1. Give the relative contact order (percent, whole number) for region 85-160; include only Cα pairs under 8 Å separated by 6+ residues.
2. Between E57 and T219, 0.36 nm times their residue separation minus their Cα-Cα distance comes to what?
3. Using only the Cα atoms of region 1-132, build the gyration tensor, take square roots of its eigenvalues as a ≥ b ≥ c, and label the shape rounded, prolate or oblate: rounded if a/c is under 1.5, else prolate if a/b is larger than b/c, else oblate.
4. Find, among the chymotrypsin sites (Phe, Trp or Tyr not before Pro) in region 149-231, those assigned to loop by DSSP (not H, G, I, E, B) with at most 13 other beta-carbon atoms within 10 angstrom.
5. Over all alpha-carbon pairs of region 183-245, lay out the pair-distance distribution in 10 Å bins, whole %, shortest bin first.
6. Residues in region 127-158 near a label at N272, defined as backbone nitrogen under 13 Å from the 7 Å Cα→Cβ point?
7. From zero up to wherever the largest Cα-Cα distance of region 225-278 sits, split into 10 Å bins and tell me the percent of pairs in each.
8. Could you tell me which of rounded, prolate or oblate describes region 52-108, using a ≥ b ≥ c as the square roots of the eigenvalues of the alpha-carbon gyration tensor, with rounded for a/c under 1.5 and, failing that, prolate when a/b is larger than b/c and oblate otherwise?
Amino acid sequence: MENALIEYKKLSNGFEYIEIENSSAVAKIALQGAHIFHYEQNSKEPLLWLSDTSDFEMAKSIRGGVPICWPWFGLNKDKSLPQHGFARTALWKLTNTNEADANTTEITFKLQYTKESLKLWPYKFELELHVRISDRLVMELKTTNIDDKPFEITQALHTYFRVSDILHVAIEGLDKKPYLDALTYKREIQNADITFNQEVDRVYQEVSDEVILKDTNRTLHVENEGSSSIVVWNPWIDKCKRMSAMNDDAYKNMVCIESANAFEDARVIKPNKSHTLKATLY
Ligand code: TA6
């Protein structure tokens, strides 16, 4: 059995990441944000989209991969707080690595409350990301309340998928599901599979089954547990031009399908209790 490789790397600006290679896949995960920014199964194209102009800088979220939006998804009521929370730009600790077998590597990252986090969000928490890298990418985001009062979270594994051409992809599995249109703030019901010819930013609710991304050359699956909401996002032409760390035409080759607990699917976690959001991608 060949051993898997787990290598620690550091860019000249101090940005740290882990590179994992086993018999079935390669992955790269930054310590900032426990941000998976590359995952590629053997002899297949990368599953995740990563911007050509992505910042690998401290305190800036990487554009692409799987940003972790936590403890709130989207904007906070207090507009001075960062969109999508602070976990994606915080420095996490690598706490465990396990070469389960030649095809499977498991890695755990942890983030705990600090004096600074309490100023942004006044609760004591422990957050763990458990990643399994094999012929599937499995992510389990476990939130534990170690405070003496309950708290509410909204969150997302904000996965950017790489696609061949946005005009030729379809997302299956959300037909007839209610959604909040984040562009109009209207509630709608999905009618048919999702295809793209304009900006889409929607939070689907009551999602219980897997979602399938049909591309011209491959079919990708997203299975979620501990979640009944999924966000679908493509910025299209105008918003793409306004986005940070994105080329003007980047919208053509990406689509976000985000495993979430958002809006009606917010979760209240009592003291000494945990909630796990799990996503399996293949
Ligand atoms: O999940 C969709 C979304 O909330 C969009 O509205 C969009 O702007 C995006 O996430 C990216 O947000 P960011 O803060 O990373 O620029």
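The values are calculated or read from the model by the stated rules, or taken from the named source; none is laboratory data. Keep in mind the model is a prediction, meaning the values are calculated, not measured. Positions of Cβ are generated from backbone atoms using ideal geometry, with glycine treated the same way; all protein chains shown enter the neighbour counts. Calculation scope for accessible area: heavy atoms of the full protein, side chains included, ligands and nucleic acids excluded. Shrake-Rupley method; radii C 1.70, N 1.55, O 1.52, S 1.80 Å.
1. Answer for region 85-160 is 22 percent.
2. This chain segment gains 55.1 nm when fully extended.
3. Here region 1-132 falls in the prolate category.
4. Qualifying residues, ordered by number: Y185.
5. Histogramming region 183-245 at 10 Å steps yields 16, 46, 33, 5 percent.
6. 145-149
7. 22, 33, 24, 17, 4
8. Prolate, because a/c is 1.5 or more and a/b exceeds b/c.
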